[in-house]
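In what follows, a structure is listed as structure tokens, so that the remarks can point back to it.
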Amino acid sequence: MPRTKGGYKTRRRRKRVLKLAKGYWGARRKNYGPARETVDRALAFAFAGRKQKKRQYRSLWVARISAGVKQLEMSYSRFINGLKRAKIEIDRRVLADLASSDPKAFTAVANAAKQAL
């Protein structure tokens with residue numbers, strides 16, 4: 001069987017990986033093998049990170065809403081339940097923004113939720 005040398009496709013694949021490995025330290029930047037392992041791992045973490053970002057933002061919004069509602073002597077769960085019963089459909093991102101930037105509007109929404117309970 002004849003020996004196969006690295007042709008166009010092989011070189012293109014290796015160049016792509018080494019380009020992604022820019023900024024890494026030592027052999028992880030220079031050599032294809034270690035670079036490929038590190039790049040694969042980095043891409044896996046990047047994919048997972050995009051999913052985690054959504055979770056982390058939601059928990060941040062919940063914490064901000066909870067802090068705003070605590071000042072009005074209400075729990076987060078009762079507040080959300082009151083919103084559902086009052087048929088107020090405001091998402092948590094907007095509620096968190098209201099709680100931090102516009103306390104008067106947030107108090108009005110909280111009072112409406114309280115009335116529905």
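Worth a mention:
- Full-extension gain in nm, Q56 to Y76, via 0.36 nm per residue minus C-alpha separation: 5.5 nm
- Dipole check for the chain: with +1 at the C-beta of Lys and Arg, -1 at the C-beta of Asp and Glu, and the Cα centre as origin, the magnitude is about 1540 Debye.
- As a calculated quantity, the FRET efficiency between R41 and T4 at R0 = 22 Å, using C-beta atoms, amounts to about 0.20.
- Span-rule helices in the chain, defined as complete DSSP H runs reaching 27 Å or more along the axis (Cα) with Kyte mean at least 1.6: none
- Percentage, to the nearest whole number, of Cα pairs in the chain over 22 Å apart: 56 percent
- Percentage, to the nearest whole number, of Cα pairs in the stretch 18-57 over 16 Å apart: 41 percent
- Exposure proxy shown here: for M74, M1, the number of other Cβ atoms within 10 Å sets the order, fewest to most, as M1, M74.
- Helical content of the chain, expressed as a calculated mean residue ellipticity at 222 nm, amounts to -25000 deg cm²/dmol (DSSP H runs of 4 or more residues, -39,500 (n - 2.57) each, divided by residue number, nearest 500).
- Likely footprinting exposure, V94, V39, V17, V69, fewest C-beta neighbours within 10 Å first: V94, V17, V39, V69
- Simple rule: put +1 on each Lys or Arg Cβ and -1 on each Asp or Glu Cβ in the chain, find the dipole, and look at G7, T107, A42; the Cα lying farthest toward the positive end is G7.
- Neighbour-count order for T38, T10, T4, fewest beta carbons within 10 angstrom listed first: T4, T10, T38
- When only Cα pairs below 8 angstrom with a gap of at least 6 residues are kept, the stretch 1-106 shows a relative contact order of 17 percent.
- Sparse-neighbour loop sites [trypsin sites (Lys or Arg not before Pro); the stretch 1-64; at most 15 other C-beta within 10 Å; DSSP]: R3, K5, K22
Readers should treat all values here as calculations from the given coordinates under stated rules, not as data from a laboratory. The shown structure was predicted, so the numbers you read here are calculated from the model rather than taken from an experiment. Please note: Cβ atoms are built from the backbone with ideal geometry, for glycine as well, and neighbour counts cover all protein chains shown.
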